[in-house]
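Novice: The structure is given below, and queries will be raised subsequently.
The values are calculated or read from the model by the stated rules, or taken from the named source; none is laboratory data. Everything quoted here is computed from the prediction, not taken from an experiment. Methodologically, a virtual Cβ is constructed for each residue, glycine included, from the backbone with ideal geometry; neighbour enumeration extends over all protein chains shown.
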Amino acid sequence: MQHNGGDSYIIHPIAVLSTEHISVNLKTKSGIYHSVTSVVAIADQTEVDISLPTGSVVEFDGIIYTSGSTLSVSLNKYEVFQFTSSDDLSGTILTSNCPVAAFSGHELGNPEISSQTSVDMVYEMLVPTIYWSTYYIAISNPVFDSGEGELIRVFTSGDNTNIMINTSGTLDQISIGTKASYHQFHLPLSEAAVITANKPVLVSQITASKQIAGSYTGDARLVLPSPVNAWLSEYSFNTPGENMYNGLVLLTDSNSLINITLNEKSLNSSILWKKIEGTNFIYTSIQLSEGVHTLTCISAASKCWGYVYGIHSLEEYGTSIGRSFSQVNF
C-alpha cells in the first residue's frame, strides 16, 4: 500500500486467461486524473482490438479513436499496452487472438454517489467474459458508521440481457439491449443486493469515501464480487500492517454457518449477522489482524465468499478473497 492511496486485486493464473474482456472504470470527477485500462500479452504476435464505449475518446500515435472505431495493437510476449482517457472507459471491449491479462480502473477516482472530495486509485484484474455468470450478491460494507455506500454496475456480455435486482425486498427489472453496456445503481450503506440475469454479466462495486469510529476515513476502492456459483469452501488471504484497520466482509448461507472456521477457529458466537431478505444468505464484517488468514468450510458441501478490506486515514483497499474458475454455470 502506498501512503494515502492504492487498491488491491487478485492475480489470475495464466491457465484461466482468455481472449475477451470488458473494461470496468469510473467517471472522472477531476480532469487531471483518468480512467486507465491495460493489456498484457503472454505470447508473441498477439493482436488486440479495442472497441471504445459511447462517449469516450482515446488518442494514440496522433490518431483520435472514438466509439465505433477500433484501436488495434500488436504485442509480443510480456509487452504491455496501456491507454487512458478523461472519459469513462467502462464498457470498452478488448478482444485478442491469444489469451491476455487485462486490468482496468481509475488513476484517482471517487464514485459520483460520494459527497466527499477525496479520491483514490481503484484497480482490478479483469475477469474474462467466459467466466461471467448470472447470479451475484453485492454487499455494502456494514462496518462503517457513515457514508453513501457503493456504486454498483452490472455489465452485459451479450445483447438483450434481462437483469433482476433485489434490494431489501424491492425488485427492479432492467433490460439492456447491447453487449458491453451496464446498468448502475446506488447500494446504501450496509445493504445487500441480489443480482440475477438471463445471460452472463459482471458486477462491480466501488465504495464512496466514508468514516468509521475514530480517525479512520475510508476512500474509494473497487471490488469484483464472485458469482454465487463460483464460491469455494476454502480460502487463504493476507492483510497488511501500516496501522490499517483490516477486516473481512463474509457472506454465506445460514445452514453453512456452523461449518465455517477462520484461522482454524469457529466463528465467535457474538458476531452480529444480517439476513438478506427473501434468501437464506447472511453476512457480517469481522475485524482482522495483520497477517495470513484461512477461511474454511469444514463440510465440502458448504460454500462461502467474502472480500477483505483495509482502512486508514484517506486510504482503503478491498479485494475478493477468491473464486472458482471451473464451477461457473450459465
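Novice: Looking at the range 249-278, which of its residues are among the aliphatic types (A, V, I, L, M) and in contact (Cβ under 8 Å) with a residue 40 or more places away in the chain? Please lay out each step first, then the result.
Specialist: At the first step, the residues of the range 249-278 found to be among the aliphatic types (A, V, I, L, M) are 249-251, 257-258, 260, 262, 267, 271-272, 276.
Of everything in the range 249-278, those that are among the aliphatic types (A, V, I, L, M) and in contact (Cβ under 8 Å) with a residue 40 or more places away in the chain turn out to be Val249, Leu250, Leu251, Ile260, Ile276.
Novice: Before we move on, is Ser313 surrounded by fewer than 21 Cβ atoms within 10 Å (Cβ to Cβ) and either more than 23 Å from the chain's Cα centre (by Cα) or at pLDDT 95 or above (or both)?
Specialist: Details: surrounded by fewer than 21 Cβ atoms within 10 Å (Cβ to Cβ): yes; either more than 23 Å from the chain's Cα centre (by Cα) or at pLDDT 95 or above (or both): no.
Spelling it out, it is not the case that Ser313 is surrounded by fewer than 21 Cβ atoms within 10 Å (Cβ to Cβ) and either more than 23 Å from the chain's Cα centre (by Cα) or at pLDDT 95 or above (or both).
Novice: Is it true that Ile64 is surrounded by fewer than 19 Cβ atoms within 10 Å (Cβ to Cβ), closer than 27 Å to Leu108 by Cβ and either at pLDDT 95 or above or touching a Phe, Trp or Tyr at 6+ places or on another chain (Cβ under 6 Å) (or both)? Spell out the reasoning first.
Specialist: Numbers: surrounded by fewer than 19 Cβ atoms within 10 Å (Cβ to Cβ): yes; closer than 27 Å to Leu108 by Cβ: yes; either at pLDDT 95 or above or touching a Phe, Trp or Tyr at 6+ places or on another chain (Cβ under 6 Å) (or both): yes.
For Ile64, the condition - surrounded by fewer than 19 Cβ atoms within 10 Å (Cβ to Cβ), closer than 27 Å to Leu108 by Cβ and either at pLDDT 95 or above or touching a Phe, Trp or Tyr at 6+ places or on another chain (Cβ under 6 Å) (or both) - is met.
Novice: Would you say Tyr33 is within 20 Å of Ile152 (Cα to Cα), touching a strand residue (DSSP E or B) at 6+ places or on another chain (Cβ under 9 Å), crowded, with 17+ Cβ neighbours inside 10 Å and aromatic (Phe, Trp, Tyr)? Let's see the steps before the verdict.
Specialist: Values: within 20 Å of Ile152 (Cα to Cα): no; touching a strand residue (DSSP E or B) at 6+ places or on another chain (Cβ under 9 Å): yes; crowded, with 17+ Cβ neighbours inside 10 Å: yes; aromatic (Phe, Trp, Tyr): yes.
Judged against the criteria, Tyr33 is not a match.
Novice: Is it true that Ser270 is touching a strand residue (DSSP E or B) at 6+ places or on another chain (Cβ under 9 Å) and assigned to a loop (DSSP other than H, G, I, E, B)? So that I can check it myself, show each step before the final result.
Specialist: Values: touching a strand residue (DSSP E or B) at 6+ places or on another chain (Cβ under 9 Å): no; assigned to a loop (DSSP other than H, G, I, E, B): yes.
Judged against the criteria, Ser270 is not a match.
Novice: Let me ask something else about it. Residues that are charged (D, E, K, R) and in contact (Cβ under 8 Å) with a residue 40 or more places away in the chain: list the strands (runs of 3 or more DSSP E) wholly contained in the range 286-330 that include at least 2 such residues.
Specialist: Numbers: elements: 291-297, 304-312, 315-320.
Fully inside the range 286-330 and qualifying: 315-320.
Yes/no matrix, rows are residues, columns are (1) closer than 16 Å to Ser204 by Cβ; (2) modelled with pLDDT of 95 or more; (3) part of a strand (DSSP E or B):
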| residue | (1), (2), (3) |
| --- | --- |
| Phe81 | no, yes, yes |
| Ser90 | yes, yes, no |
| Asn97 | no, yes, yes |
| Glu112 | yes, no, no |
| Ser115 | no, no, no |
| Ser118 | no, no, no |
| Met121 | yes, no, yes |
| Val143 | no, no, no |
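Novice: Give the range 229-241 a look and list any residue that's of a type outside the set (Ser, Thr, Tyr), within 18 Å of Ser299 (Cβ to Cβ) and surrounded by fewer than 21 Cβ atoms within 10 Å (Cβ to Cβ), or say none.
Specialist: Listed by number, the residues that qualify are Asn229, Leu232, Glu234.
Novice: Moving to a separate point now. For the range 165-182, which residues satisfy the criterion of being touching a residue at least 40 places away in the same chain (Cβ under 8 Å) and over 21 Å from Ser23 (Cβ atoms)?
Specialist: The initial filter retains those residues of the range 165-182 that are touching a residue at least 40 places away in the same chain (Cβ under 8 Å), namely 166, 168-169, 179-182.
Hits for the range 165-182 are Asn166, Ser168, Gly169.
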